[in-house]
Amino acid sequence: GDINFKVPGVDDFKLSVTYKDGAWKGSATITSTKIPGVTSASLTFNIDDKGFRAGGEAEMELPRNLGSVTLGLKSNQSGFSYSAKGRIRVPGLKEVGVKGSYDGRTLSVEATDIGFNWQGFDGTIEKVTYTRTGEVSLHSW
């Protein structure tokens, strides 16, 4: 059955649990438009005979009117995969489409429709991509 909860700062919190053919299944979904700086967010958890899975998205406006972006998170076999997509305003350029993903092994980044004006010349770079496969390490000094 389904249970809906009223939680401060959350638009909807729904818990669903079923028992069928000797197996339990459950899911929880949380959505909110009340998080400061976030236009909307949703997060879903599922558990069943295939294991635990989670995923979600958050849409937000960037500070200083730099554009908007959607950030995503999804569980996969090796952990989590992350994604981002949006339109950003870069000083000296027209609004740029961006997207990226990282699945624990491959990092992919793409910028599209990169319009510019330089000394009276208008131009557009259709697409720039970057992909790196392998272990990505972050080091702090």
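The values are calculated or read from the model by the stated rules, or taken from the named source; none is laboratory data. What you are looking at is a predicted structure, and each value in this text was computed from that prediction instead of being measured. As a convention, Cβ positions derive from the backbone with ideal geometry for all residues, glycine included, and neighbour counts pool all protein chains shown. The accessibility values were calculated without ligands, DNA or RNA, using every heavy atom of the protein model including side chains. Shrake-Rupley method; radii C 1.70, N 1.55, O 1.52, S 1.80 Å.
Overview of values
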{"read-out": "Entries in 25/74; 14/34; 14/99 that, when Cα-Cα distance is taken, lie over 21 Å", "value": "14/99"}
{"read-out": "FRET efficiency, 1/(1 + (r/R0)^6) with R0 35 Å, evaluated for residue 122 and residue 35 via beta carbons", "value": "0.35"}
{"read-out": "Binned Cα-Cα distance frequencies in the stretch 70-141 - 10 Å width, integer %", "value": "18, 38, 28, 14, 3, 0"}
{"read-out": "Inter-probe distance in nm under a simple model that places probes 7 Å from Cα toward Cβ, at residue 62 and residue 21", "value": "4.7"}
{"read-out": "For residue 62, residues with placed amide H under 5 Å, excluding near neighbours", "value": "67, 68, 69"}
{"read-out": "At R0 = 25 Å, FRET efficiency that the Cβ-Cβ distance of residue 113 and residue 84 yields, to 0.05", "value": "0.90"}
{"read-out": "Anisotropy class of the stretch 1-46 from Cα gyration tensor, a/c 1.5 cut", "value": "prolate"}
{"read-out": "Per-pair calculated FRET efficiency, R0 = 22 Å: residue 130 and residue 76 via Cβ, rounded to 0.05", "value": "0.55"}
{"read-out": "Other-chain or far-sequence residues with amide H under 5 Å of residue 40's (modelled H)", "value": "59"}
{"read-out": "Under-5 Å amide H pairs with residue 11, H placed in peptide plane, nonlocal only", "value": "31, 32, 33, 34"}
{"read-out": "Accessible area (Å², per residue) of the stretch 13-79, counting only protein heavy atoms and a probe of 1.4 Å", "value": "68"}
{"read-out": "From phi via Karplus (6.51, -1.76, 1.60), per-residue ³J(HN,Hα) for the stretch 9-18 in Hz, x at Gly/Pro", "value": "x, 10, 6, 8, 9, 10, 10, 10, 9, 9"}
{"read-out": "Extension gain from residue 94 to residue 14, taking 0.36 nm per residue of separation minus the Cα-Cα distance", "value": "24.7 nm"}
